[in-house]
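The next block holds one structure in the form of structure tokens; read it before the comments.
The values are calculated or read from the model by the stated rules, or taken from the named source; none is laboratory data. Just so it is clear, the structure is predicted and the values come from calculations on it, not from any experiment. Glycine gets a Cβ as well: all are built from the backbone with ideal geometry, and neighbour counts include every protein chain shown. Ligands, DNA and RNA are stripped out before the accessible areas are found, and what is left, the full protein with its side chains, is counted by its heavy atoms. Shrake-Rupley method; radii C 1.70, N 1.55, O 1.52, S 1.80 Å.
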Amino acid sequence: VLAAVAVEVLETRCKNGPARIVRVIDHPGIVTAATKIMEQLHLTGLVGIDFILDVEGAAHLIEVNARVTPTCRLALGTGSDPVGALRSLFPGGTTAAAVPNSVGSIIDLAALD
């Protein structure tokens, strides 16, 4: 895993629908689990892995989307910029300017469309 972004959904586009507004979180359990899932399933590329947090903050796997998801394009710095990390593997590849101190940032994904 070259990079990972963990977010908490604050608002969905419709009931039980895709995320509209998210908050960037620091959740090592999600990143560890996502890394293990990627390795065990031999997945490559941009993948969305969804979890639900219980009242204690523990993450439980919901689904794996073996495709690009809206949060993949967030450029949140080294280790947290999936597209930038992938792009950097190619000759002349550059990364986007990172959002500094992104943990806790509120992002309107609908505005990125």
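For the range 35-81, give me each residue that is of a type in the set (Ser, Thr, Tyr) and modelled with pLDDT of 85 or more.
Within the range 35-81, THR35, THR44, THR69, THR71, SER80 qualify.
If I ask for residues that are open to solvent by 30 Å² or more (accessible area, probe 1.4 Å), under 12 Å from ALA3 (Cα atoms) and aliphatic (A, V, I, L, M), which ones from the range 66-97 would you list?
Answer for the range 66-97, where residues must be open to solvent by 30 Å² or more (accessible area, probe 1.4 Å), under 12 Å from ALA3 (Cα atoms) and aliphatic (A, V, I, L, M): VAL83, LEU86.
With the structure loaded, tell me whether GLU11 is in contact with a Lys or Arg (Cβ under 6 Å, 6 or more places away or on another chain) and without any contact (Cβ under 8 Å) to a residue 60 or more places away in the chain or whether it fails that test.
yes
Residue check: is PRO100 surrounded by 12 or more Cβ atoms within 10 Å (Cβ to Cβ) and either at pLDDT below 90 or on the phi > 0 side of the Ramachandran plot (or both)?
No, not satisfied.
Just checking, how many residues over the range 43-65 are loosely packed, with under 14 Cβ neighbours inside 10 Å, within 14 Å of the chain's Cα centre (by Cα) and part of a loop (DSSP other than H, G, I, E, B)?
1
Just wondering, is there one or more residues in the range 12-32 that are outside any loop (DSSP other than H, G, I, E, B), among the basic types (Lys, Arg), open to solvent by 30 Å² or more (accessible area, probe 1.4 Å) and out of contact with any strand residue (DSSP E or B) (no Cβ under 6 Å at 6 or more places or on another chain)?
no
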